[in-house]
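Values quoted throughout were computed directly from the atomic coordinates according to the rules given, and no laboratory measurement underlies them. No experiment lies behind these values; they were computed from the predicted model shown. Positions of Cβ are backbone-derived with ideal geometry, glycine not excepted, and every protein chain shown enters the neighbour counts.
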Amino acid sequence: MERLQKRIASSGYTSRRKAEELIKEGRVKVNGKTVTELGYKVESKDEIHIDEVLLEKENKVYFLLNKPREVVCTTEDDKHRKIITSLIDTDLRVFPVGRLDYDTTGLIILTNDGEFANLMTSPKNKIEKVYIAKINGKLLPNEMMALKKGVIIDGKKTRKSRVKIKKYDKKTDTSIIEIGITEGRNHQVKRMFNEVGHKVLKLKRERIAFLTLDGLASKEYRVLTPKEVKQLYNLAINESK
Ligand code: URA
């Protein structure tokens, strides 16, 4: 037995607070009867309708988060650091799709859809992930060419990448570089720059395929639309072929 609002929230339909509002507004039925009592207990076999639409047991949810620094992309951390799932207000067991380092910021998807996560992180797919890296020094033409053509990390050449120099700051002797890669190996961007003699001082993921951080400040997130999810599924499947 669990409280009605918890069951609605854990289906992924909405947050617990919004579920309470729906109940108070008389929009929720349990086994055909409207229930407006907040503490009402339901069993798993009970059928719940919201605005006459049957509630599925566990809907799939997809969040797009602008990850801040100093957050780990795991669902538990033995060093007691802040974990990424704590930034999302949901009762569903969501997990990050792939990883960003503790000190990397930017775009990351969280979901409870394992199939989606597998497709998106499969080494076979060629979905582009675009990063903005602040590095020490100036990226020389031969270094840029090496990054573009592929460098060896873990004994294996990286796939071709897109590299663009955005800015060089003479005063601090640092550069801002945009790099688009189609793999997701461990610390890949940092290691690629290391291979050509530069240290990544700051790293942000700006884009995954067509998804950007538009409108999302650090720590903010939004739900992906069904259309976006479908497009990502299609991309992941087609680009794995
Ligand atoms: N590459 C890295 O080095 N770190 C990240 O967090 C993501 C890509």
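What the table below lists for this structure:
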read-out	value
Alpha-carbon spread of the chain, three principal axes, descending order, Å	71, 40, 33
Projected area averaged over orientations for the stretch 91-228, convex hull of C-alpha atoms, nm²	9.4
Rg in Å to one decimal, and Dmax rounded to a whole Å, for the stretch 42-92 via C-alpha atoms	16.1, 46
Which of V94, V30 has the fewest Cβ neighbours within 10 Å, and the rest in rising order	V30, V94
Convex hull per residue volume in Å³, alpha carbons only, for the stretch 148-241	136
Burial ordering of H80, H49, fewest other beta-carbon atoms within 10 Å first	H80, H49
Normalised per residue, the volume of the convex hull around the Cα set of the stretch 189-232 (Å³)	100
Full-extension gain in nm, T225 to K33, via 0.36 nm per residue minus C-alpha separation	66.0 nm
